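Enquirer: Dumping the structure here so I can ask a few things about it.
The values are calculated or read from the model by the stated rules, or taken from the named source; none is laboratory data. A quick note: this is a predicted structure, and the numbers were derived from the prediction, not measured. Heads up, the Cβs are rebuilt from the backbone with ideal geometry, glycines too, and the neighbour counts pull from every protein chain shown. Just so you know, the surface numbers come from the protein's heavy atoms only, side chains and all, with ligands and any DNA or RNA stripped out. Shrake-Rupley method; radii C 1.70, N 1.55, O 1.52, S 1.80 Å.
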Amino acid sequence: MLTIYGVYRSRAIRPLWVLEECKAPFTHIPVIQAYRLTDSTAASAALNTAMPDYLAINPLGQVPAMRDGALLLTESLAICLHIARKYGGSLGPTSDDESSLMEQWALFAATAVEPAAIEILYTLRDGQADTATGQGIIRVAAEKLKRPLARLEAHLAPQDWLLTRFTVADIMVAECLRYAQSHSPLLDSFPNVARWLTAAQSRPAFQTVWAKRAAEPE
Ligand SMILES: N[C@@H](CCC(=O)N[C@@H](CS)C(=O)NCC(=O)O)C(=O)O
């Protein structure tokens, strides 16, 4: 049985969304980020990323991790690709070329989108959006996202999804871009990206994992 380690309020939501799309059976172990606990070492502490048992699974002390038989993976997008390929049917690649395209979108998400998007997320989360420093961080991050967003905008002009149908590529890119989504002006100049993101997040599988995320303590 496939096992996912990581709460919904973490990058674990990426493979959990993929699994919800495929309806594949799995065991969920809701390991929480240690930094979110007052005392991650207390006897009563929830299962967390600083515990020796979890560090034996992922020495980086991060979630998600995944076990599937003898296979252990500790990168969210690699986990998404693995699940889609093995259990996802049309969510995964149906040819070598599609496999390469999905890998390309995974790397695009991780390198061109996520770093700047997460700067925006942290600035908003820390209540810095109205400070001069926070506004500066958001302005620079939004600038960094312009070219990747322009690339997505052109790509999505003639089509609904990144490949010829909804796939794991859409989940990976949408999830990384979501970090910047609360900065609402960002997508104003990219209507195709906004349409695509709305469509991805309207899917019943996303709605299900999003509700599970909302049910977890903040
Ligand atoms: N590149 C990794 C990053 C994983 C990551 O940073 N996870 C965060 C939660 S979203 C975490 O576990 N942080 C705990 C920590 O760094 O102490 C991935 O995509 O899986």
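Enquirer: Can you tell me which residues in segment 61-86 are surrounded by fewer than 19 Cβ atoms within 10 Å (Cβ to Cβ), more than 7 Å from the ligand (Cβ to nearest atom) and not small (Gly, Ala, Ser)?
Expert: Hits for segment 61-86 are ARG67, ASP68, LEU71, LEU72, ARG85, LYS86.
Enquirer: Next question, about the same structure. Which of the numbered conditions does ALA34 fail, given that it passes all the others? Conditions: (1) free of Cβ contacts under 8 Å to residues at least 12 places away in the same chain; (2) over 19 Å from ALA211 (Cα atoms).
Expert: (1)
Enquirer: Can you say whether LEU187 is open to solvent by less than 50 Å² (accessible area, probe 1.4 Å) and out of contact with any Asp or Glu (no Cβ under 8 Å at 6 or more places or on another chain), as far as the supplied structure shows?
Expert: yes
Enquirer: Here's another thing I want to ask about it. Quick check on my filter: what residues within segment 1-45 are part of a helix (DSSP H, G or I) and either surrounded by fewer than 18 Cβ atoms within 10 Å (Cβ to Cβ) or polar (S, T, N, Q) (or both)?
Expert: TYR35, ARG36
Enquirer: Continuing with this model, one more query. Taking into account only those residues within segment 158-184 that are among the polar types (S, T, N, Q) and assigned to a loop (DSSP other than H, G, I, E, B), which is least open to solvent (accessible area, probe 1.4 Å)?
Expert: THR167
Enquirer: With the checklist (1) away from the ligand (no atom under 13 Å from the Cβ); (2) within 15 Å of the chain's Cα centre (by Cα); (3) touching a residue at least 40 places away in the same chain (Cβ under 8 Å); (4) assigned by TED's automatic domain parsing to the domain that holds VAL173 in hand, flag the one item ALA112 doesn't pass.
Expert: Single failed check for ALA112: (3).
Enquirer: What do you reckon, is THR27 more than 10 Å from the ligand (Cβ to nearest atom), in contact (Cβ under 8 Å) with a residue 60 or more places away in the chain, closer than 20 Å to GLU216 by Cβ and of a type in the set (Ser, Thr, Tyr)?
Expert: Criteria not met by THR27.
Enquirer: Just to be sure I understand, how many residues within segment 111-157 are open to solvent by less than 40 Å² (accessible area, probe 1.4 Å) and hydrophobic (A, V, I, L, M, F, W, C)?
Expert: The qualifying residues number 14.
Enquirer: Something else about it: I'm trying to understand the selection: among the residues of segment 92-109, which are in contact with a helix residue (DSSP H, G or I) (Cβ under 6 Å, 6 or more places away or on another chain) and either modelled with pLDDT under 95 or under 19 Å from ARG178 (Cα atoms) (or both)?
Expert: MET102, TRP105, ALA106, ALA109
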